[in-house]
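Below is one structure, written out as structure tokens; comments come after it.
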Amino acid sequence: MRKIRIGVLGSGSGSNLQALLDAIRSDLLQAEIVLVLSDVADARILQRAKDAGIPAEWIDCFGNKNRFPEAVQQHVADRLVDAGVDLVCLAGFMRLIKSPILQRFSERIINIHPSLLPHFPGLEAWKQALDAGVTETGCTVHFVDEGMDTGTVILQAKVPIHSDDDSLSLHQRIQQQEHLIYPQAVRLVAARLGFAV
Ligand code: GAR
């Protein structure tokens, strides 16, 4: 059995990419990250990938702030296929994935989201939880479908909300849990797909 080959898409700091790399390095996860793509040219995730010796490329969305144009998605799907990717991991990727990538990687795209889905889909989910006044939130790894944060849940972790939490403290505590469950979720998916774990 061979190790699963992962492609990561992200727009930000890449702490979840780092968590996957750390889990691989410490043998908690049998996997190889073969390509990292970002729609943000100076995103830290690209630097983290380069530091780890992983090919890292900027996805040019041609000035579209939020849209992920179909032709660009086709290009991204081609890059992932060329790199021999088995599983696509979204790690803070802020554009909606549509058919060109979904079709090529059906049931093979997963995402980490900072809430207990189906609660608080969309942007800044930790702020949504604070604004709603709930006492508990968390994070979710789920399969990606056509919707926004709607696919089948793979793993979740709960995070209590403290009375003195602000958005920074809450997001930091959620991220600590994200870094634990994302490698575990990849391991579960890899096992289900028949790769070495
Ligand atoms: C993470 O908290 C992730 O859950 C969130 O972006 C952050 C990326 O952090 N994703 C979403 O909100 C997706 N809807 P990172 O770049 O340090 O991994």
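The values are calculated or read from the model by the stated rules, or taken from the named source; none is laboratory data. What you are looking at is a predicted structure, and each value in this text was computed from that prediction instead of being measured. All Cβ positions, glycine included, derive from the backbone under ideal geometry; neighbour counts span all protein chains shown. When the accessible area is computed, the model is the full protein with side chains, heavy atoms only, and any ligands, DNA or RNA have been set aside. Shrake-Rupley method; radii C 1.70, N 1.55, O 1.52, S 1.80 Å.
In this Cβ point-charge picture (+1 for Lys and Arg, -1 for Asp and Glu), segment 118-197 has a dipole of about 440 debye about its Cα centre.
Each principal axis of the Cα cloud of the chain was taken in turn, and the coordinate range along them, longest first, works out to 49, 40, 31 Å. Of the peptides 185-195, 58-68, the ranking by mean beta-carbon count within 10 Å, highest at the top, reads 185-195, 58-68.
With only the Cα atoms considered, segment 1-87 has a convex hull volume of 89 Å³ per residue. Residues in segment 42-54 carry Karplus couplings, in order, of 9, 5, 5, 4, 5, 5, 4, 5, 4, 4, 8, x, 9 Hz; the curve used is 6.51 cos²θ - 1.76 cosθ + 1.60 with θ = phi - 60°, and Gly or Pro positions show x. Between Leu193 and Asp60, residue separation times 0.36 nm minus the direct Cα-Cα distance comes to 44.7 nm.
So, for the chain, what is the accessible surface per residue at a probe of 1.4 Å, expressed in square angstrom? Spell out each step's value before the answer.
On the way: 9690 Å² over 197 residues.
On a per-residue basis, 49 Å².
Computed over protein heavy atoms with a 1.4 Å probe, the carbon and sulfur contribution to the accessible area of segment 64-172 reaches 51%.
Let me make sure I get this right: for segment 37-106, a, b and c are the square roots of the gyration tensor eigenvalues over alpha carbons, sorted descending. Under 1.5 in a/c it's rounded, otherwise prolate if a/b > b/c, else oblate. Which is it?
On the way: a/c = 1.85, a/b = 1.16, b/c = 1.59.
Verdict is oblate for segment 37-106.
When the charge dipole of segment 123-197 is built from unit charges on Cβ atoms (+1 for Lys and Arg, -1 for Asp and Glu) and taken about the Cα centre, the candidate among Thr137, Gln156, Ile174 whose Cα reaches farthest toward its positive end is Gln156.
Placing pseudo-labels 7 Å out from each Cα toward the beta carbon at Asp51 and Gln103 gives an inter-label distance of 3.9 nm.
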